[in-house]
1. Determine which single condition VAL182 fails, assuming it passes every other condition in (1) under 28 Å from TRP39 (Cα atoms); (2) modelled with pLDDT under 95; (3) open to solvent by less than 30 Å² (accessible area, probe 1.4 Å); (4) not aromatic (Phe, Trp, Tyr).
2. Give region 2-29 a look and list any residue that's free of Cβ contacts under 8 Å to residues at least 12 places away in the same chain and open to solvent by 40 Å² or more (accessible area, probe 1.4 Å), or say none.
3. Need pairs with beta-carbon distance below 6 Å; first residue touching a residue at least 60 places away in the same chain (Cβ under 8 Å) and within region 80-104, second aromatic (Phe, Trp, Tyr) and open to solvent by less than 70 Å² (accessible area, probe 1.4 Å); sequence gap 6+ or separate chains.
4. Taking GLU100, is it modelled with pLDDT under 95 and in contact with a strand residue (DSSP E or B) (Cβ under 7 Å, 6 or more places away or on another chain)?
5. Kindly provide the set of residues from region 88-113 that are of a type in the set (Phe, Trp, Tyr) and either over 15 Å from the mean Cα position of the chain (by Cα) or surrounded by fewer than 20 Cβ atoms within 10 Å (Cβ to Cβ) (or both), ordered by number.
6. Quick test for you: out of GLN83, GLN116, GLN75, pick the one residue that is in contact with a Phe, Trp or Tyr (Cβ under 7 Å, 6 or more places away or on another chain), open to solvent by 50 Å² or more (accessible area, probe 1.4 Å) and assigned to a helix (DSSP H, G or I).
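The values are calculated or read from the model by the stated rules, or taken from the named source; none is laboratory data. Note that this is a predicted model, so its numbers are computed, not measured. When we count neighbours, we look across all protein chains shown, and the Cβ atoms used for this are built from the backbone with ideal geometry, even at glycine. What goes into the accessible areas is simple: the full protein's heavy atoms, side chains included, and nothing from ligands, DNA or RNA. Shrake-Rupley method; radii C 1.70, N 1.55, O 1.52, S 1.80 Å.
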Amino acid sequence: MARLPRVSPIGVPQHIIKRGNNHQVCFASEQDFAAYAGWLKDYSSKFEVAIHAWVFMTNHVHLLCTPLNHNAISQMMQGLGRQYVRYFNHSYKRTVTLWEGRYKSCLVQEEEYLLQLYRYIEHNPVRAKMVEDPADYAWSSYQINGLGKESSLCTPHSLYISLGKDEDDRQCAYRDLFKHYVDNKLITNIRDSVNRGMAIGSEQFKREIELLTGRRMQPKKRGRPLGWKKDEV
């Protein structure tokens with residue numbers, strides 16, 4: 001089956017996943033994480049992508065970001081991926097493929113799903129049982145969004161800013177979001193949307209994106225088309 005073309009409307013947030021090939025490790029040391037974070041900052045700035053949330057796991061990466069220019073995310077991910085592969089292969093004296101093909105992505109409706117994606121991404125190390133609290137994981141954006149750690153990589157989304165009148169209020173409200181886990185139905189919805197390259201949001205949001213981009217944002221319905229009739233024999 002032919003894969004659907006990417007669409008990346010300016011100003012519409014995206015959830016991105018980049019995995020190691022065959023789930024292999026792509027971060028083997030603290031230095032690796034730091035190198036990737038540094039180049040993510042460089043390439044997001046170069047191509048004008050606002051990074052709102054992230055988590056770097058040992059064998060994959062999640063990003064929540066908004067393109068501010070045409071084709072910005074594709075250019076950022078291409079430059080970042082190549083730069084990191086050169087570094088990783090040189091560091092570990094290897095030549096085999098590091099990444100699992102193209103990155104996966106889905107467009108995100110801001111009002112209903114954006115803060116849910118923040119929470120889903122930053123809860124990843126907890127779901128993986130690596131830590132008990134997202135604050136204990138150094139390579140996510142939770143310490144910035146929830147605890148106020150300074151970061152030149154993170155650009156707060158307007159919905160995050162609307163959580164409170166000042167930084168303390170926003171961080172307190174943000175931490176409250178993490179008092180409960182993301183429910184399994186929403187997790188399935190998020191994973192299906194990003195793996196299929198569809199939008200996550202209301203039916204109206206999906207229709208608007210389809211009209212804007214000319215590309216469908218929902219899986220095709222299974223079964224035969226309406227009005228189909230088997231030829232008589």
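1. (1)
2. Residue satisfying the conditions is ALA2 alone.
3. GLY81/TRP99; LEU98/PHE88
4. Yes, satisfied.
5. Once the filter is applied, which keeps residues that are of a type in the set (Phe, Trp, Tyr) and either over 15 Å from the mean Cα position of the chain (by Cα) or surrounded by fewer than 20 Cβ atoms within 10 Å (Cβ to Cβ) (or both), region 88-113 yields PHE88, TYR92, TRP99.
6. GLN75
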